[in-house]
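Computed from the coordinates by the stated procedures, all read-outs in this text should not be read as laboratory data. Please read these numbers as outputs of a predicted model, since none were measured by experiment. No Cβ is skipped: glycine too gets one built from the backbone with ideal geometry, and neighbour counts run over all protein chains shown.
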Amino acid sequence: MAEAQVKPRTLPYVAAITDGVRAVLREQDNAFVVGEDVAGAGGVYGYYKGILKEFGPDRIYDTPISEEGIVGLGVGASATGCRPIIDLMFMDFMGECMDEISNQMAKMRYMFGGRVTLPVTMLTMAGAGASLAAQHSQSLEAWICHLPGLKVVMPTTPYDAKGLIISAARDNNPVIVVLNKMSLGMMGEVPEESYAIPIGEANIVRPGANYTIVAIGRMVHEALKAAEQLKDLGIDAEVIDPRSLQPFDTATVVKSVEKTHRALVVHEAVRFGGIGAEIASQIQELAFDYLDAPVARVGAPFSPVPFSPALEAHYVPNADRIVAEVKKQLGI
Amino acid sequence: MAEAQVKPRTLPYVAAITDGVRAVLREQDNAFVVGEDVAGAGGVYGYYKGILKEFGPDRIYDTPISEEGIVGLGVGASATGCRPIIDLMFMDFMGECMDEISNQMAKMRYMFGGRVTLPVTMLTMAGAGASLAAQHSQSLEAWICHLPGLKVVMPTTPYDAKGLIISAARDNNPVIVVLNKMSLGMMGEVPEESYAIPIGEANIVRPGANYTIVAIGRMVHEALKAAEQLKDLGIDAEVIDPRSLQPFDTATVVKSVEKTHRALVVHEAVRFGGIGAEIASQIQELAFDYLDAPVARVGAPFSPVPFSPALEAHYVPNADRIVAEVKKQLGI
Amino acid sequence: MEQITDATLLDIHRRMIRIRIFEETAGKLMEDGKIPGALHLYVGQEAIASAVMVHLSNKDWITSTHRGHGHLIAKGGEFDQMFAELYGKATGYCKGKGGSMHISNLDLGMLGANGIVGGGPPIAVGAGFSNKFRKTDNVSVSFFGDGASNEGSFHEAANMAGLYKLPVIFICENNGYGEYTAQKNHQAIVDVADRAAGYGMPGVIVDGMDAIAVFEAAGEAIKRARAGEGPTLLECKTYRYFDHVGVRGMGLSYRTDEEVEQWRKRDPIESLEKRLADQGILSPEAAQAVHDEVRTQVQDSVRFAEQSPMPDPSTLLEDVYAA
Amino acid sequence: MEQITDATLLDIHRRMIRIRIFEETAGKLMEDGKIPGALHLYVGQEAIASAVMVHLSNKDWITSTHRGHGHLIAKGGEFDQMFAELYGKATGYCKGKGGSMHISNLDLGMLGANGIVGGGPPIAVGAGFSNKFRKTDNVSVSFFGDGASNEGSFHEAANMAGLYKLPVIFICENNGYGEYTAQKNHQAIVDVADRAAGYGMPGVIVDGMDAIAVFEAAGEAIKRARAGEGPTLLECKTYRYFDHVGVRGMGLSYRTDEEVEQWRKRDPIESLEKRLADQGILSPEAAQAVHDEVRTQVQDSVRFAEQSPMPDPSTLLEDVYAA
Ligand SMILES: Cc1ncc(C[n+]2csc(CCOP(=O)(O)OP(=O)(O)O)c2C)c(N)n1
Ligand SMILES: Cc1ncc(C[n+]2csc(CCOP(=O)(O)OP(=O)(O)O)c2C)c(N)n1
Ligand SMILES: [Mg+2]
Ligand SMILES: [Mg+2]
């Protein structure tokens, strides 16, 4: 079918998610959506708005508040010929379904000697900054990146949101798409047609000459702001958005550091044991001789996410903290 | 009370666990044990043997197979004046109770502004090597070390098992004691009397001059074997057992690396995103100028734990793999 | 059955008014952008918390839900510290660290609102276990919604309470919806109380809009629990007047205006006031005076909260661990 | 009710024998140290898997438990690949990667044994959902134990199946124990079937030692499911002859020898054989011939497994991801 040439269209991140889900439901007859309040309400963040109307009740289902049941449904349905999209309203709720995620979804193929295929996509919402306190603000990607059998992607723009959802759904493995609640209103170009973003390929969102910032999830935008501030200090930062954390595009990051000789990793998650530790470790393992300074890490401090805006503002990493860490590293 | 001077007594790791639990139940009136098959059967690995008989049914309870309920019981009872010891038969089952662990147990104190105290101790069994396959062999300490509010200890000897259980139970915070199933028969000196091992203090189990190995859990013993082999290569390895992963004794590790200039971290868990990444990152952050080579990491490869002994033998890290990694790092 | 006294009736009445006015005010402040984050309001369900809580002392524990202000108020929560917490102020019950979804006060026996649906029941079982272990005659009460009754955690908690015959009362506030999903779209049953049999405990259904009925049913269950006879599942049929979050909320059409109106006609406060007036216990004027008094308290507390300082950033890393 | 044919009776009988002899042999091999890891044996419970499975085709799915060999054999599992898997050989159903606790074969509709108690029911709901979504008339059957009925996952799965009226049959094999804990010490109820009402589905109790009774009850439930009438919870009262793990196992005294003897007197194979003989369907000699034949097959398969190669270490990282 000849796609008409369309002129660039901009959408908010929230609508790009919808667009991605819509594309999947159109191209895959055996795809359907299940989750809490996804059908009637269109999702508590509205990213399934219109799906019920367009595709009907056979393609999108409200579920009971039963996260383990939902993930199990995804496992069982994907093992038996469907391509489910399962929705976990908040990433914080992984605690409720971690067995079905980690012991069933991630491991079933391996345990069965490769004789089962689980094309299941899970969408979930992460991130702090909305005064939602300790149980609705976490970034727990470190848990799932540590689990062989899963793929993990974190779209940071409307374009990536649509493209990564489509890739996730086309993938024959369980893929967890970690969305960010503070990005929902962010505008960006989103083509009408269906397109895929390769899982496992990092995106150099800002090329730079003498500093590498690897930024995870929403921190990409903070890193870009930080890069602007760093210009005044004579630092030309390259900002890399891995987009996919599992598999992780080590090559792109290492190549950048070989050029820049300095690196910083930033994420929203608690710094201790965050995915930044893995990335920093890999950088020093593979680019040790190129490094002029230790790989720095910026992450949330070691506490649960506080409710009060006065505290949360100091909790969530941002451009200023990235700049401060760079300065510290450079001794300026 | 004057403890009689006793001469050194050796016990297997499994009996040292029992001894630790017994000491806790003696010294704390509000302590009790709950878990699956802990009372009547004395635990599937037998480390509660005799507890029911000695302390009676008011101090140790069999539970239904309800991990989330068990952890919740620990949370609620510890918040209201008890000091429960809760047993999670296999660490792999954390998936079943991760909400009560991560969203309730770890965060409640902070969310309540410090106005609640949760003196709860959780014992659980980790480790591969017994042909128990993907769901009964994991080492998932990375998940819980990433959670502010929890403490995490991993005893590697009978002495440490007893001492760390006592410390965990005396601590006013939730402490998870990660035991290792392949160590149950290991013999070691265990004093009769009650003694505590400070949580957060690493143990230099083998002092050495020119190489630092940080070994987690059972890997301590493999690291010691590796150190013997390394002697022949002129390498005098210092082996550090952190004992406590959260809080982590960064100072002891950094001081060692400042002396040795080289470091390797080894754990049983999957290498990608394991706690070794955090430790390696910290070392390069804080001892960068002392490092003659990148910090190396040895961990399980990126797959679930295989059942077949033929595969499992290649999966679980051991002394040979440590030696090989050291050689690779040194280019010999 | 325990005969309800006039004093108790007035006590329940006052607790209900306190909840109603607190919640209406808080909802407005949230929608005006003064209170950050998300508030889940209890308006419509006041009879339940109020009539249960008069049976409890500060040594009886409760666990609550995301919709927790009403439970805390009924348990004796002070407006000053509550509003301050909602505003994220240092003077709040949780020093601003918890907010609406984690508001709590251990001195009052309130083990916290909970942002996790189904997070509470296992904790209530722990508190009940503790009460029994420490040989007290205190109980614990777990409030949860119809939606929460589908979480595995509820099942595990109920089974354990039944097994150990714990002094725990499971109070299902069935308001017909879990967020925007009607009960018929989240479970195949009409009465959550039907699940009690599966745990070896009585399941009781009561009109949650009728404070006196709740008082009586809860009294029975609590008496049983104190006497060592084990847990009860008490289902209270009720309704929330406002949206799932806030007052107007997301403006979705998941329920009809008529349905809301039907339930509002059975308003628990109005019907209790009518009854109190009919029985000559509280005249409409005296009732109005309670409203006015509470309204003034609420206003004062809002002022207290607004004038309170934000927590100092230096406190960010405090309260993670106990010494 | 469907009238059971002689052919079906003989089919059930053969499946039971296949399970019995396979399991006795496997248990011995484990205790002799030939099979690594832990085996949970099905001996005593054979009537259930066998009488259920004759109703199913390879397109009907089942989920199993840690005690899964019997389910796979009854579903058509071949001894060669099964023993090979237990030995951790490359020729096993899972290429040696799964072992006893994860043995599976998708071609036979068997979605795996499961090392996680309660891991199966949500997956069976997914398979049932899939059957319905894909507009087939296939069903899924979830086998689980009395102990597993206390896991939250069972609750969530049962509720969802009831809600969506899925073609799922929940078969609780109540053998009176979860590991070493007697049922009365893990739940306050006697009949797990009592939980069905809470999910809007029928709860049926059947004698799990009586193959024909199981055949009939399962047939009804499966017919209902195929007809779109929704799930059933079928509780089969049964007993495991051996220890929780292995044959002699840990040698704990959690149950009396008399209790074991009582149940053994009601052996499902013996009683079926008696009936088949009485009705002239299968003479004792013919029955013995089945035993002998199966025993030979088992011996051949053990030899096959022992002679099979271990998986090559180079395959360690294969099968983690699909292309
Ligand atoms: C584990 C978990 N799942 C989902 C949510 C999102 N959520 C918050 S409230 C709610 C509905 C709860 O319904 P119910 O239990 O009936 O309580 P009600 O809101 O009606 O008082 C949901 C789904 C959550 N907070 N926690
Ligand atoms: C989530 C989880 N908890 C605990 C265990 C340990 N375990 C294995 S089998 C078992 C008993 C299961 O009892 P039941 O469901 O009655 O099955 P049965 O063994 O009697 O067939 C337990 C507790 C487990 N494997 N998974
Ligand atoms: Mg509700
Ligand atoms: Mg059983």
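Start at zero, step by 10 Å, and the Cα-Cα distances of the range A:130-224 spread as 13, 43, 35, 9 percent across the bins. For the range B:181-332, the Kirkwood hydrodynamic radius from C-alpha pairs, put into Stokes-Einstein at 20 °C and a viscosity of 1.002 mPa s, yields a diffusion coefficient of 135 µm² per second.
Within the range B:174-332, DSSP assigns beta bridges of which about 20% are antiparallel (rounded to the nearest 5).
With a threshold of 26 Å on the Cα-Cα distance, the over-threshold entries among B:K327/D:K95; C:K28/C:K97; A:K181/C:K34 are B:K327/D:K95.
Note on chain A: antiparallel DSSP beta bridges, both residues inside, total approximately 20 percent of the bridges counted.
If a/c stays under 1.5 just call it rounded; otherwise compare a/b with b/c (prolate if a/b is bigger, oblate if not). Do that for chain C, with a ≥ b ≥ c from the square roots of the Cα gyration tensor eigenvalues.
On the way: a/c = 1.32, a/b = 1.12, b/c = 1.18.
Rounded.
Would you mind computing Rg(Cα) / (2.2 N^0.38 Å) for the range C:1-144, counting N as its residues?
In units of the globular-protein estimate, the range C:1-144 measures up at 1.03.
What is the distance, in nm, between label points placed 7 Å from the Cα along the Cα-to-Cβ direction at C:R264 and at C:T296? With each label placed 7 Å out from Cα toward Cβ, I get 2.9 nm.
Of all beta bridges that DSSP places with both ends in the range A:10-189, some 10 percent have antiparallel geometry. Copy-to-copy label distances for D:A182, where each label lies 7 Å from Cα along Cα-to-Cβ, are 4.8 nm in order of increasing length. If only the Cβ of Lys and Arg carry +1 and only the Cβ of Asp and Glu carry -1, the dipole of the range D:1-128 around its Cα centre is close to 300 debye. Peptides B:259-268, B:45-54 ranked from most to least packed give B:259-268, B:45-54, packing being the mean of other C-beta atoms within 10 angstrom over each peptide's residues. Between copies, the label points at A:N30 (set 7 angstrom from Cα along Cα-to-Cβ) are spaced 5.6 nm, reported in nanometres from shortest to longest.
Other chains near B:79-87: what is the mean number of their Cβ atoms within 10 Å of each residue's Cβ?
Mean shielding count: 5.
As a ratio to 2.2 N^0.38 Å, the alpha-carbon radius of gyration for the range D:1-54 is 1.40.
Sorting the segments B:31-42, C:40-51 by their residues' average number of neighbouring beta-carbon atoms within 10 angstrom, most packed first, yields C:40-51, B:31-42.
If R0 equals 30 Å, the separation of the Cβ atoms of B:E258 and A:N210 corresponds to a calculated FRET efficiency of about 0.55. Taking every alpha-carbon pair within the range C:100-215, the share separated by more than 25 Å comes to 22 percent. Among the listed pairs C:K59/C:K165; D:K59/D:K165; B:K107/B:K151; D:K75/D:K223; B:K231/B:K328; B:K162/C:K135, a Cα-Cα separation exceeding 21 Å is found for B:K162/C:K135. Each peptide among D:288-294, C:212-218 gets the average number of other Cβ atoms lying within 10 Å of its residues, and from highest to lowest they stand as C:212-218, D:288-294. A Förster radius of 45 Å, combined with the Cβ-Cβ distance separating C:A182 from D:K59, puts the computed FRET efficiency at roughly 0.85.
Taking the square roots of five times each eigenvalue of the Cα gyration tensor of the range D:159-203, the equivalent ellipsoid has semi-axes of 24, 11, 8 Å, listed largest first. When the trypsin sites (Lys or Arg not before Pro) in the range D:53-89 are filtered for DSSP coil states and for at most 16 other beta-carbon atoms within 10 Å of their beta-carbon, the remaining sites are D:K59.
With contacts taken as Cα pairs under 8 Å and at least 6 residues apart, chain C reaches a relative contact order of 22 percent. A full extension of the chain between D:S271 and D:I4 corresponds to an added length of 94.5 nm, given 0.36 nm per residue minus the alpha carbon distance.
Taking the Cα centre of the protein assembly as shown as reference, the dipole from Cβ charges on Lys and Arg (+1) and Asp and Glu (-1) amounts to some 1160 debye. Take each residue of peptide D:160-169, count the partner chain Cβ atoms within 10 Å of its Cβ, and average: the result is 4. Counting only lysines at least 8 places from D:K274 when in the same chain, those with an alpha carbon closer than 21 Å to its own are D:K237, D:K265. Farthest towards the positive end of the charge dipole of the protein assembly as shown, among the residues A:H261, B:A41, A:L147, is the Cα of A:H261, using unit charges on the Cβ of Lys, Arg, Asp and Glu. Overall, the anisotropy analysis places the protein assembly as shown in the rounded class: the square-rooted eigenvalues a ≥ b ≥ c of its C-alpha gyration tensor yield a/c less than 1.5. Can you bin chain A into rounded, prolate or oblate? Criterion: square roots of the alpha carbon gyration tensor eigenvalues sorted a ≥ b ≥ c, rounded for a/c under 1.5, prolate for a/b above b/c, oblate for the rest. Prolate is the answer for chain A, as a/c is 1.5 or above and a/b outweighs b/c. What the phi angles of the range C:101-108 give under the Karplus curve with 6.51, -1.76 and 1.60, with θ = phi - 60°, is a coupling list of 6, 10, 4, 6, 7, 5, 4, 8 Hz, glycine and proline written as x. The mean number of partner chain beta-carbon atoms within 10 angstrom of a residue's beta-carbon across peptide D:197-205 is 4. Pairs of Cα atoms nearer than 8 Å and 6+ residues apart set the relative contact order; for the range A:203-330 it is 27 percent. For the range A:10-189, the alpha carbon positions stretch 44, 36, 30 Å along the principal axes, listed from largest to smallest. Using C-alpha pairs below 8 Å separated by at least 6 residues, the relative contact order for chain B is 16 percent. For B:I332, the point set 7 Å out from Cα toward Cβ sits 4.2 nm from its twins in the other copies, listed from shortest up.
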